[in-house]
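Everything below concerns the one structure shown next.
The values are calculated or read from the model by the stated rules, or taken from the named source; none is laboratory data. What you see is a predicted model, and the numbers here were worked out from it, not measured in a lab. Ideal geometry is used to build each Cβ from the backbone, glycine not excepted, and the neighbour counts take in all protein chains shown. Ligands, DNA and RNA are excluded from the accessible area calculation, which covers all protein heavy atoms including side chains. Shrake-Rupley method; radii C 1.70, N 1.55, O 1.52, S 1.80 Å.
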Amino acid sequence: MTTIKDIAIRSKVSSSTVSRVLNNDETLSVTKETRQNILQVAEELKYIPVKKRGTINGGSNTSKAKIGIVLCQSFEEELSDPYFLPIRQGIEYECKTQGLSDIEVFKLQNLNSSQSRSDIDGLIVIGRANPELIEKISIGTQHIIYIDHCPNEKKYDSIIIDFKKATDEVLDHLLGIGYKQIGYIGGKAVEHCINESLSIRDDRQTSFENRMKKENLFNYDNIHIGDFTMTQGYELMKFALKQGNLPNAFFIASDPMAIGALRALQESNLRVPEDVAIVSFNDIEMASYASTPLTTVKVHTEEMGRVGVRLLIERINGRKIPLKVIVPTELVIRESCGNEIKKGGEE
């Protein structure tokens, strides 16, 4: 099957130029001769546009489209913080449901800006990757969907959750049952750029600090930041214990970190929630089986992946306007922080 890259080589222009000509991009500045040459080469090579290559479920979707999935996380990171794994699984399940079988998974750390791919009809990016990097490695790919990141809502489709709203729900619960000394344990977000990866402040931390300042309850000493791993959750809670003046409640930004923190508290003979209450984030399967089942924010990660595939199919089939989908979260109440304060609620 003829690809955009084949046409570019024959026409002696870039894959990006070919793609924009074939998609009737009126903002592209090329000569009339160049445009006609590209169209003629495409006809000679019998190029078939993606949205005409086949159908799915009797509709106009394309079963022969080649879909790329870009993972910003290593397999080790997926295992240590299983937030992103079910997103990828949701993508794969939905591709199978939709009859999309030509799928290629790319690990971002194995790619670089000099390795471009022009044979991908649509790309789903899981995590924070700078658009310049993604466009450099996917020349000619017009259809790019971001999951768990929204770099430009006027250009790209995106599926995200509202971290501020979720954090407010956690604090509404904790403050509502009487906790005032509330600590935070979390990690840093990472944005991958062309020649570097940048550590940036996680939205949960920002939302937590802003809300606690608004309530006049913020204490910088109660903020502990590391990596999103069980080991770091354990070590950060150990540090908080050694520091003294331990808060009587913690918002912990991932379930694995919370499970590590639980272990540290138990080793210090502190009970959860009687001595220290915990609310965490994600609601992975392990959360309900922890030594003290975790009150946690449930994120519908698999559905985020499924929605990403549906949006990509719409884009391939001609939708022009980018969409931003905010998937709701919900607070699941379990034993680690119930409905009433047990101890030390007042300062």
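Test of understanding: what is the full-extension gain from V30 to I223, defined as 0.36 nm times their sequence separation minus their Cα-Cα distance?
Values: separation 193, 0.36 × 193 = 69.48 nm, distance 5.45 nm.
Gain in length upon complete extension: 64.0 nm.
Carbon and sulfur atoms: what percent of the 1.4 Å accessible area of the chain do they account for?
47
Each helix, a run of at least 4 DSSP H residues, gives -39500 (n - 2.57); summed and divided by the residues of the chain, these come to -11000 deg cm²/dmol at 222 nm.
Compared with the direct C-alpha span, the chain from K213 to E43 gains 54.9 nm at full extension, assuming 0.36 nm per residue.
Taking a probe of 1.4 Å, how large is the accessible area per residue of the chain, in Å²?
Numbers: 16830 Å² over 347 residues.
Ligands and nucleic acids excluded, the figure is 48 Å² per residue.
By how many degrees, between 0 and 90 and to the nearest 10, does the Cα long axis of helix 255-267 differ from the longest principal axis of the chain? The angle comes out near 20 degrees. A cut-off of 5 Å between modelled amide H atoms, ignoring neighbours fewer than 5 places along the same chain, links A129 with H192. Placing pseudo-labels 7 Å out from each Cα toward the beta carbon at S199 and D168 gives an inter-label distance of 3.0 nm.
Can you give the relative contact order of region 145-243 as a percent, counting alpha carbon pairs under 8 Å and 6+ residues apart?
Values: 96 pairs, mean separation 24.2, N = 99.
Worked out over region 145-243, it gives 24 percent.
The C-alpha atoms of the chain define a longest principal axis, and helix 203-214 lies at about 40 degrees to it.
Spin-label pair L241-T206: with each label point 7 Å from Cα along the Cα-Cβ axis, the two points sit 3.3 nm from one another. Modelled label positions at E104 and S14, each set 7 Å beyond Cα in the direction of Cβ, lie 2.0 nm from each other. Between 0 and 90 degrees, the angle of helix 230-243 with respect to the longest Cα principal axis of the chain falls at about 40 degrees. Put simply, when 252-262, 97-107 are sorted by average Cβ atoms within 10 angstrom per residue, most first, you get 252-262, 97-107. Rounded to 0.05, the FRET efficiency of the S268 and K136 pair, given R0 = 51 Å and the Cβ-Cβ distance, is 0.55.
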